[in-house]
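First comes the structure, then the notes that go with it.
Each value in this text was obtained by applying a stated rule to the coordinates, not by laboratory testing. The shown structure was predicted, so the numbers you read here are calculated from the model rather than taken from an experiment. All Cβ positions, even for glycine, are placed from backbone atoms using ideal geometry, and neighbour counts span all protein chains on display.
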Amino acid sequence: MYLERINKPNDIKKIPREGLDVLAQEIREFLIETISETGGHLAANLGAVELTMALHLVMDFPDDKLIWDVGHQSYTHKILTGRKSEFNTLRKFHGLAGFPKTKESDCDAFNTGHSSTSISAGLGMAVARTLQGKNNTVISVIGDGSLTGGMAYEAINNAAKAQTPFIIVLNDNNMSISENVGGVSSYLNKIRTTEAYLELKEDVKNKLKTVPRGKSMIHRIQNVKSGFKQLVLPGMMFENMGLTYLGPVNGHDIAAMEKVLREAKRCKTPVLVHVLTHKGRGYVPAERHPARFHGAEPFDIETGLPLKKRTTPNYTDIFSTVMCKLGDSNPNVVAITAAMPDGTGLKRFRNMYPDRFFDVGIAEQHAVTFAAGLASSGLRPVVAIYSSFLQRAYDQILHDVCIQKLPVVFAIDRAGLVGSDGETHQGIFDLSYLSEIPNLTVMAPKNKWELADMLRYAVQYDGPIALRYPRGQAFEGLYEMRPAIEYGKSEWLYEESEICLIAVGSMVKIALKAKELLEAEGHKVSVVNARFVKPIDEEMVAKAAKKHKYVVTLEENVLSGGYGENVREYFDTLSTRAKLLNIAIPDCFVEHGKVDELLEELNMDAKGITNRVLEWMK
């Protein structure tokens, strides 16, 4: 009824006031219906519908700038800026992205995908606006979970110093507050943000400065005011950091939200608006299980259950099972995650060994150095973090773990192409940024059994060690090939002649298919499971170069600095006539889509690899 009237930015301003609650319900129904078919981030978006609507009622797009932290809750924003008709392509190859994208719309002010960045980006835009003499509004929306990231506080500290108009909306979906405090806060918000109040406060301060002992009086008044606010305001932490605090306000009350945002716009300095929302609001399964509907696969609306039932375990499941067994057999094994106990598979370990499980919040840097402290005291910490999120902790890996050669295990989930989350989440850089760090060993398993064996090996290894494995269904082939893990040694799966395919981790499965295609063309093909990315098995490389005319490395990582380039460095020292081809992801960011589609697009599926090898051999 009302949703059909939303076709371009600012159309929401034409909706009658009495129709806004109806529009909110229509948006929720649209999101549930669409995401049940495409998959996507449902719970967070259902919780942010009214908040987003209020922002759009107050702001003018694209002149005003709205920055979403992470951005997985921006679906309503996309709908209200004219992208409703594209939602059937959500997170699909060449379709609508699941996160804000500046190339998609002028109303997406900043590309996001990771957490705790919005305040920094928004402050930069606000300062630039002021320097350029403009007067548009800049608002950053950040969730309470993202405030566990230290970068957010660095930005708040800087914002207080910058003293330029800037609005931070804290979307708090995990905290409640009593009515009496809310009532007092609402009253104080109103009087503290009126122009008359702000002018009066400044006039009184200026007058007092001119009288004897005036500065002392100002200091006493400020102390009394702060003491009173400590009693009645929950936001004194932000006030003490230099921000004006407004709220808390019901994030599902559009009128209340609109009112407080307009009050915030009157402030001439940075202001934080505290909004209370309910994750998954309007859809009972998402309200009851918000974690399950954080990033949902296509599901049945009636039951909330996934349409596609998993029949085989994924790599995260295997990691989870082995971690629980290690926890049982070794009391020194502890587990650390950065706000992802479900995603990394550590939920079961947490339930079984709560005293040895640590969720540090969205704070990967702290997670790694915390692990270093645990390891230095005799424990065996396993740090489970997604590949693209581990990038944040590069300095801590290098400085706090590897220089000291501490026995920290990095369990790197979602390594390689991850699919529908796109550029910000593709784990295609870890082999490069880890391989250059001294003292760090890097492994990659070919199948689920090798993941289990490598994890057991890593926990007893006396030094820093990383184990990277992909998202999705675990490869169950090559069960009969399970030799013991030997440090720095690869595994010859098939020994032939002419062509040797050296594959890293997830590429072993593809290499086996490429072997079949190449053999159908009359070639003899060997396949090696690299196992160790660092150190490189130089003995294996020398053997491959000696016994074959052509050697090909395969890795689901960018070419620059990856396994193949490191093999080439050693290969060039050999006295051989063999030729070497490195097949890896090119120097680019890979968009969203199914992994199979992306591999085909990159010519890294079995057919693409076969064609590249045959062309190269000519």
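Which values, in whole Å and largest first, are the semi-axes of the equivalent ellipsoid of the range 315-468 obtained as the square root of 5 times each eigenvalue of the Cα gyration tensor?
Values: eigenvalues 79, 66, 46 Å².
In descending order, the three semi-axes are 20, 18, 15 Å.
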**Message:** Please give the Cα centre distance for the range 106-130 versus the range 538-585, rounded to the nearest Å.
**Reply:** 42
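Go ahead and run the numbers for FRET between GLU569 and LYS325, Cβ-Cβ distance against an R0 of 45 Å, rounding to 0.05.
Values: r = 38 Å, r/R0 = 0.85.
Once the sixth-power term is evaluated, E becomes 0.70.
I'd like the GluC sites (Glu not before Pro) in the range 280-388 restricted to DSSP loop residues with at most 13 other Cβ atoms within 10 Å, sorted by number. Mind dumping the intermediate values first?
Numbers: sites: GLU287, GLU302, GLU364; in loops: GLU302.
Hits after loop and neighbour filter: GLU302.
With the cut-off at 19 Å, tell me which of the pairs LYS534/LYS594; LYS92/LYS347; LYS13/LYS65; LYS8/LYS594; LYS446/LYS618 have Cα atoms farther apart than that. Kindly include the intermediate steps, with their values, before the conclusion.
Working: LYS534/LYS594 29 Å; LYS92/LYS347 29 Å; LYS13/LYS65 17 Å; LYS8/LYS594 29 Å; LYS446/LYS618 30 Å.
Among LYS534/LYS594; LYS92/LYS347; LYS13/LYS65; LYS8/LYS594; LYS446/LYS618, the Cα-Cα distance tops 19 Å for LYS534/LYS594; LYS92/LYS347; LYS8/LYS594; LYS446/LYS618.
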**Item:** Calculated mean projected area of the Cα convex hull in nm² (choose from (1) 30.9; (2) 32.4; (3) 29.6), label
**Value:** (2)
**Prompt:** Going through the range 39-144, which trypsin sites (Lys or Arg not before Pro) have at most 14 other Cβ atoms within 10 Å and a DSSP loop state?
**Reply:** LYS103, LYS134
**Lys/Arg +1, Asp/Glu -1 at C-beta; the chain dipole; positive extreme among LEU3, THR210, VAL527** = THR210
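State to the nearest 20 debye the size of the charge dipole of the range 315-468 about its Cα centre, where the only charges are +1 on K and R beta carbons and -1 on D and E beta carbons. Each step should come with its number before you reach the end.
Details: 13 positive and 16 negative charges, 81 e Å.
I would put it at about 380 debye.
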**Item:** Nearest-20 debye value, the chain charge dipole, Cβ charges on Lys, Arg, Asp, Glu
**Value:** 1740
**Asked** Principal axis lengths of the range 494-617 from Cα atoms, whole Å, largest first?
**Response** 42, 33, 23
**Over 21 Å (Cα to Cα) - which of LYS134/LYS268; LYS78/LYS308; LYS325/LYS405; LYS448/LYS546 fall in this group** = LYS78/LYS308; LYS325/LYS405; LYS448/LYS546
